[in-house]
Amino acid sequence: MEQDKIQNLREIAFNVREHIIRMSGDGGCFIGASLSCADLMVYLYKQFLNVHPGNLNDPNRDYLFLSKGHDVPALYGTFAELGFIEKDRLKNHLKTNDFIYWHPNMNIPGIEFYSGSLGHSLSVAIGVAIDCKIKNQNNKVVVILGDGELNEGSIWEGALVAAAKKLDNIVAVVDRNKFQANIETEKLIPLNSITDKFEAFGWKTSSADGHDFESLERAFADLPYEQGKPSLIVADTVRGKGLPSIEAQAHRWFVNFSKEEVAELLIELRGGKKTDLTSEEIIAR
Amino acid sequence: MTYEDILRELVEHDNRFMVLTAENRAAIRNLPDQIGDRFIDTGITEQTLVGVAAGLALRGRIPVAHALATFLTMRAFEFIRTDVGISGLPVKLVGGFSGFLSEANGPTHQAIEDVSIMRGIPNINVFCPADEEDMLIGLRKVLLSPDPFYIRYNNVKPAIRHSKDFEIGKAEVIAEGTDITLLVYGLMFTEAISAREILEMSGYSTGLVNMRTVKPIDEEVILRAAESSELVVTIEDHFLTGGLYSIVCETIVRNNHKAEVLPIALQDTWFKPALLKDVLEYEGFTGKAIAEKVIGRMKQHDYRK
């Protein structure tokens, strides 16, 4: 991948992180999971998926289902940066005059389906993928799963069915941030090798660094990995990525920060330089 | 025409229709060979079945998804509520072996709260045909409706010829009565007919209504029954809670009417597993047993003019 392209993706991802941090105050959001998949969202929407504000009703577009819906601030931020929604709309976060709340809903252009209840979107994606196959369309159907979400039995139902139906147009991506709500995944219900498990279910898998655009590009370059098999990519990530004070902290799941804390986190993201600006000014910038 | 014939015809003439099952093929055994890739069997996966149906509906399809009523409405309840209810996508859920039709399977297989829980989900409508003929009369309109539906599949042989005039939300009035009105849906319709015969022979003017769709419900018919007859009887192979008895009482109270309502329903426990005829006998749901209960109530209150 060319350096200027990487630089561009990094800039967008930085802006998305700023949006996420702003959403972590005044009611709050699931900041850790949102930050862990921010780079992935930016990569997918900017680089990989054939979906943009102009083709949201085109049946030939690619689909993305955010199964681990609580990280939707990453999606809102990406959509604001890429023109799916007005940036100003993010100020409506949690307000009754809009639909920008804690889980994905179809009132936001670009969001394909309601989600947030874990373990649903893989089966919905299978329905979409089957229909694309019947119609001989080549679009991709991407599903973002959380590693904690893999506790849900319906994921494994879906894994069996997607393989049985030979849905090689499905690409599941696991945001492997190694945490579920309150605890590390490996301390509660150890997943060990996610790729081994899905391979045993008939999928073809690979791994990538979920914060490295070149690594993501390599993983997404040759899909499907095998004709007739669904693909799975384990994106190795850090919960809270970009904010060392939050990274991999078990209690940084859902947060509701004060204005001052939000300002401090923005400064932290921007490199920690001291400033005379007020919290309001820092947040508004 | 059979149930399968109607589905096949819809699939052939309307590109939107797909037939799905979670490996329950009792009602659709011939379709896999006839409709090719428009048939999907997801295996024993009720949750995935419903999610897949929602995904197909997102793409403009009308999926008709089959499973045992118990597992469809309860194992996959939250999928129905979340993926079909919230979105309002036109997914048609067909529950087999509901109510007493599970016969000797035992309580694990008894869907006798299905009507209650399905009607409790916003956007989801409920069709409970009286028998096979009634089901086939209503099937096209229900499947072509833009709304999600739960269908209590019922292939028992019809006891009478039904009106071909089917509208969603409209009951089929078989007879009007000034003493008693029997309100019934589904399988119990056949027993209600014989209950009515006995009641008429005993000198009670007895009305009989086949509700057809339980949601939307025909409120007008319920209020007319409350006004014109002295006793309203609800009959259902379903728990007392949340079914027709609840609907009728809610409707009457909401409209500031008054009526004496006698429920014939399963109380707070599962029914004795056995063949249908014996279940009806044992649980007191035969036409004769129903008539006796109704007459008992009529005498108790000395309703006779």
Got a sec? Which of A:T278, A:T195, A:T205 is β-branched (V, I, T) and crowded, with 21+ Cβ neighbours inside 10 Å?
A:T205
Tally of residues being buried (at least 24 other Cβ atoms within 10 Å of the Cβ) and more than 16 Å from B:V52 (Cα to Cα) across region A:151-170:
0
The number of residues in region B:21-63 that are within 23 Å of A:I170 (Cα to Cα), in contact with a strand residue (DSSP E or B) (Cβ under 8 Å, 6 or more places away or on another chain) and among the β-branched types (V, I, T) is 6
Any chance region A:180-199 includes a residue that's within 29 Å of A:M1 (Cα to Cα), among the aromatic types (F, W, Y) and in contact with a Lys or Arg (Cβ under 6 Å, 6 or more places away or on another chain)?
no
Top-ranked residue of region B:59-69 - restricted to ones that are in contact (Cβ under 8 Å) with a residue 24 or more places away in the chain and farther than 16 Å from B:Y150 by Cβ, ranked as farthest from the other protein chains (Cβ to nearest Cβ)
B:G60
Quick one: in region B:265-292, which of the residues that are in a helix (DSSP H, G or I) and of a type outside the set (D, E, K, R) is farthest from B:I112 (Cα to Cα)?
B:A291
When you scan region B:5-13, do you find a residue that is outside the structural domain of B:M211 (by TED's automatic domain parsing), in contact with a Leu (Cβ under 6 Å, 6 or more places away or on another chain) and acidic (D, E), even just one?
no
Of everything in region A:106-130, what is more than 17 Å from A:I155 (Cα to Cα), of a type outside the set (G, A, S) and more than 8 Å from every other protein chain (Cβ to nearest Cβ)? Give them in sequence order.
A:N107, A:I108, A:P109, A:I111
Residues to consider are A:F14, A:F65, A:F30; find the one that is of a type in the set (F, W, Y) and surrounded by fewer than 20 Cβ atoms within 10 Å (Cβ to Cβ).
A:F14
Count of region B:246-264 residues which are assigned to a loop (DSSP other than H, G, I, E, B) and touching a strand residue (DSSP E or B) at 6+ places or on another chain (Cβ under 9 Å):
1
Which pairs have Cβ atoms under 7 Å, sit 6 or more apart or on different chains, and link a residue in region B:40-58 that is more than 7 Å from every other protein chain (Cβ to nearest Cβ) to one that is in a helix (DSSP H, G or I)?
B:E46/B:F71; B:E46/B:L72; B:E46/B:R75; B:V50/B:F79; B:V50/B:I80; B:V50/B:D83; B:V50/B:V84
Tally time: how many residues in region A:131-182 are more than 14 Å from every other protein chain (Cβ to nearest Cβ) and either among the aromatic types (F, W, Y) or touching a Gly at 6+ places or on another chain (Cβ under 6 Å) (or both)?
4
Being touching a strand residue (DSSP E or B) at 6+ places or on another chain (Cβ under 7 Å) and either farther than 19 Å from A:I126 by Cβ or assigned to a strand (DSSP E or B) (or both) is the filter here; which residues of region B:1-20 pass it?
B:L7, B:L10, B:V11, B:F17, B:M18, B:V19, B:L20
Residue count, region A:220-257 (criterion: surrounded by 17 or more Cβ atoms within 10 Å (Cβ to Cβ), over 16 Å from the mean Cα position of the chain (by Cα) and not in a loop (DSSP other than H, G, I, E, B))
3
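The values are calculated or read from the model by the stated rules, or taken from the named source; none is laboratory data. It should be emphasised that the depicted structure is a prediction, and the values quoted were computed from it without experimental measurement. Positions of Cβ are backbone-derived with ideal geometry, glycine not excepted, and every protein chain shown enters the neighbour counts.
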